[in-house]
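Remarks on the structure that follows.
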Amino acid sequence: MHHVSLNVRDVGAAVDFYVDVLGLAMRDDRPDFSFGGAWLDVGEQQIHLIEAAVPDDRGQHVALRIDDLDAAVSELRGAGVEVSDPSGVGVARQAFLRDPSGNRIELHERPSE
């Protein structure tokens, strides 16, 4: 996978959240499209933020793999972000939160190998 695009209502608020809260890196090579947006690095993949109407929540989400779910949940809650309690799913664990536009984000922790 190369990237996932997410519609956001406010690009500035979304960039602040994804960069300052979640620790993603801002890219500077986004072309000058006719609509607002931003490109962010997530490891070797990207999230493209697009300023547009946010679709109704029908279960769609982006999952970010992390190493320590408990530490991530604690850190996010300490920053004032509402995060669900971690729960098991198969052999993995997950927790959910929302960005400022209401997009659902899954934090996904795989078991140690």
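The values are calculated or read from the model by the stated rules, or taken from the named source; none is laboratory data. Just so it is clear, the model here is predicted, and its values are computed rather than measured. Backbone-built Cβ (ideal geometry, glycine too); neighbour counts: all protein chains shown.
Reported count of residues in segment 64-82, each being out of contact with any Asp or Glu (no Cβ under 6 Å at 6 or more places or on another chain) and under 25 Å from Glu44 (Cα atoms), is 10.
Sub-6 Å Cβ pairs linking a first residue in segment 84-100 that is within 20 Å of Ile47 (Cβ to Cβ) to a second residue that is assigned to a loop (DSSP other than H, G, I, E, B) and at pLDDT 95 or above, at least 6 apart or interchain, are Ala95/Val83; Ala95/Ser84; Ala95/Pro86; Phe96/Ser84; Leu97/Val81; Leu97/Val83, ordered by first then second residue. The number of residues in segment 1-38 that are in contact (Cβ under 8 Å) with a residue 40 or more places away in the chain, more than 18 Å from Glu75 (Cβ to Cβ), out of contact with any Ser or Thr (no Cβ under 6 Å at 6 or more places or on another chain) and β-branched (Val, Ile, Thr) comes to 2.
Are any residues in segment 40-53 closer than 22 Å to Asp28 by Cβ and either surrounded by 11 or more Cβ atoms within 10 Å (Cβ to Cβ) or touching a residue at least 12 places away in the same chain (Cβ under 8 Å) (or both), and if so, which ones? Correct list: Leu40, Asp41, Val42, Gln45, Gln46, Ile47, His48, Leu49, Ile50, Glu51, Ala52.
Answer with yes or no whether Val8 is of a type in the set (Val, Ile, Thr), more than 19 Å from Ala95 (Cβ to Cβ) and in contact with a helix residue (DSSP H, G or I) (Cβ under 7 Å, 6 or more places away or on another chain).
The answer is yes for Val8.
Does any residue of segment 54-72 turn out to be in a helix (DSSP H, G or I) and surrounded by 17 or more Cβ atoms within 10 Å (Cβ to Cβ)? Checked segment 54-72: at least one residue is in a helix (DSSP H, G or I) and surrounded by 17 or more Cβ atoms within 10 Å (Cβ to Cβ). Which one is nearest to Ala38 (Cα to Cα) among residues in segment 73-103 that are assigned to a loop (DSSP other than H, G, I, E, B) and β-branched (Val, Ile, Thr)? Once the filter is applied, the top-ranked residue is Val81.
Take the residues in segment 18-47 that are outside any loop (DSSP other than H, G, I, E, B) and either at pLDDT below 95 or closer than 16 Å to His61 by Cα (or both), then tell me which one is farthest from the chain's Cα centre (by Cα).
Step one: filter segment 18-47 for residues outside any loop (DSSP other than H, G, I, E, B), giving 18-21, 25-26, 37-42, 45-47.
Now narrow it down to the ones that are either at pLDDT below 95 or closer than 16 Å to His61 by Cα (or both): 18, 42, 45-47.
Numbers: Tyr18: 6, Val42: 9, Gln45: 12, Gln46: 11, Ile47: 8 Å.
By that ranking, first place goes to Gln45.
Here Leu97 meets the list (1) at pLDDT 95 or above; (2) more than 15 Å from the chain's Cα centre (by Cα) almost entirely, failing just condition (2). Residues in segment 45-73 that are of a type in the set (S, T, N, Q) and more than 13 Å from Gly102 (Cβ to Cβ): Gln45, Gln46.
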